[in-house]
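All remarks here apply to the structure that follows.
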Amino acid sequence: FTHIYYMNKNINNILNKFNSISLNEMDSAQLMDRVDTKYTIPHISLEKLLNSLHNNYDILSINNERSFVYRTVYFDTEDHKLYHLHQNGKLNRYKFRIREYCNTGDKFFEIKVKNNKGRTNKKRKIVNDFNLNESEINFIKEELPFIENLIPSITIYFNRFTLVNRSKTERVTFDCELYFKHNDNSKKFSDLTIIEIKESKNNKTSMLKEFLKKERYLPSRMSKYCIGISSLKANS
């Protein structure tokens, strides 16, 4: 993987301070039907944030690894209809993607739906490659009233680690070293971290939310997909 970048040493040292949690232990915080709150922060702020959390959150660990490389191919219509629905703040919108967990090679086709109540629901199935085959098309038809033609619109690589609060009601992903690519265009963001807080319901007493509020970081509607499409369109 020529475009995969790993966590810097300082961040890795901080991640090692956290108690670990296994995938099985995290099952109660999988939250496939959830409320998402996203934040975008400068990467230089990440160390301070993490140092404030390690006594109250555990970190997902798989085979003694605490950060993982993801490769995601997003699909959209030729005129980027799904991107524009997101940019315009439309609810009842969808995302279609194939995600590879590069550390294991596992791949899933995923459908993400944001409904008009602000909840996110995700469904997925195992796949073998990055193509939308008949099986995936039928999966979409079974789940959604969506019949438009989909094509690959962008590939995104990033490095992720996941924290879970001790009560297992809150799961938080941190995406770093974002790299976007489509055809001959590419863009890398090493100075950006995207935080996504996933909860069964909106929790105003979240320790992480309190810290972000204190540091004057506000929730953001921006997604990795939208950042990637807008940055590559600007480059083209």
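Things worth noting here:
- For segment 79-101, the set of residues classified as touching a Phe, Trp or Tyr at 6+ places or on another chain (Cβ under 9 Å) and charged (D, E, K, R) consists of Lys95, Arg97, Arg99, Glu100, listed by residue number.
- Of the residues Phe75, Phe130, Phe108, the single one that is touching a Pro at 6+ places or on another chain (Cβ under 8 Å) and open to solvent by 30 Å² or more (accessible area, probe 1.4 Å) is Phe130.
- Among (1) more than 23 Å from Asn202 (Cβ to Cβ); (2) among the polar types (S, T, N, Q); (3) modelled with pLDDT under 95 - the single one Asn56 does not satisfy: (1)
- Candidates in segment 141-155 are the residues that are of a type in the set (A, V, I, L, M, F, W, C) and at pLDDT 95 or above; of these, the one that is least open to solvent (accessible area, probe 1.4 Å) is Ile154.
- Residue in segment 201-209 that is in a helix (DSSP H, G or I) and within 18 Å of Pro42 (Cα to Cα) present: yes
- Residue tally, condition open to solvent by 10 Å² or more (accessible area, probe 1.4 Å) and either closer than 30 Å to Ile151 by Cβ or in contact with a Ser or Thr (Cβ under 9 Å, 6 or more places away or on another chain) (or both), over segment 165-184: 10
- Taken across segment 85-102, residues that are touching a Ser or Thr at 6+ places or on another chain (Cβ under 9 Å), at pLDDT 90 or above and open to solvent by 40 Å² or more (accessible area, probe 1.4 Å) do not occur at all.
The values are calculated or read from the model by the stated rules, or taken from the named source; none is laboratory data. Remember, it's a predicted structure, so these values are computed and weren't measured experimentally. With ideal geometry, Cβ positions are generated from the backbone for all residues, glycine too; neighbour counts draw on all protein chains shown. Heavy atoms of the whole protein, side chains included, go into the accessibility calculation; ligands, DNA and RNA do not. Shrake-Rupley method; radii C 1.70, N 1.55, O 1.52, S 1.80 Å.
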